[in-house]
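Just so it is clear, none of the values below were taken in a lab; they were calculated from the coordinates. Note that this is a predicted model, so its numbers are computed, not measured. Neighbour counts are summed over all protein chains in view; Cβ atoms, including those assigned to glycine, are modelled from backbone coordinates with ideal geometry.
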Amino acid sequence: MKIYGVALLAFCFLAGKFLGTLLGKLIDVNGDVGGVGFAMLLLISINAWVNKKGGLEIGTKEGILFWSGMYIPIIIAMASTQNVKAALTGGPVALVAGTIVTLSAFFIVPVLSKIGKEQIKTDDHE
């Protein structure tokens, strides 16, 4: 039942948007600060919790997994509507932060990929 996946996606997006806006107000920034990140963490955490609990029908699990996979492109597309021009004209901090995060991702993703493969291999032999 993909509807549960949609409900989870919507909840995570709205909660992340709320938390990002709240953080923005706390640090005196007019906008959403980290809402997408908060939403992604919520989605990952809730999905892991649901999988640990078990007891869900296969259709429900498939719906949650489907929307978990769709989440990143959808939310990134929504987040791209934020004011990029203001970030660029606001100073070099946005450029430096974006560059550091992007370069970090290039180095971290292969490491995480290897860790996941090793985990799968050890699970297969047990």
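Compared with the alpha-carbon gap, the fully stretched path from residue 14 to residue 93 is longer by 25.7 nm at 0.36 nm per residue.
When each of the peptides 33-44, 15-26 is scored by how many other beta carbons lie within 10 Å of its residues on average, the order from highest to lowest is 33-44, 15-26. Modelled this way, with points 7 Å down the Cα-to-C-beta line, the labels at residue 100 and residue 70 are 3.6 nm from one another.
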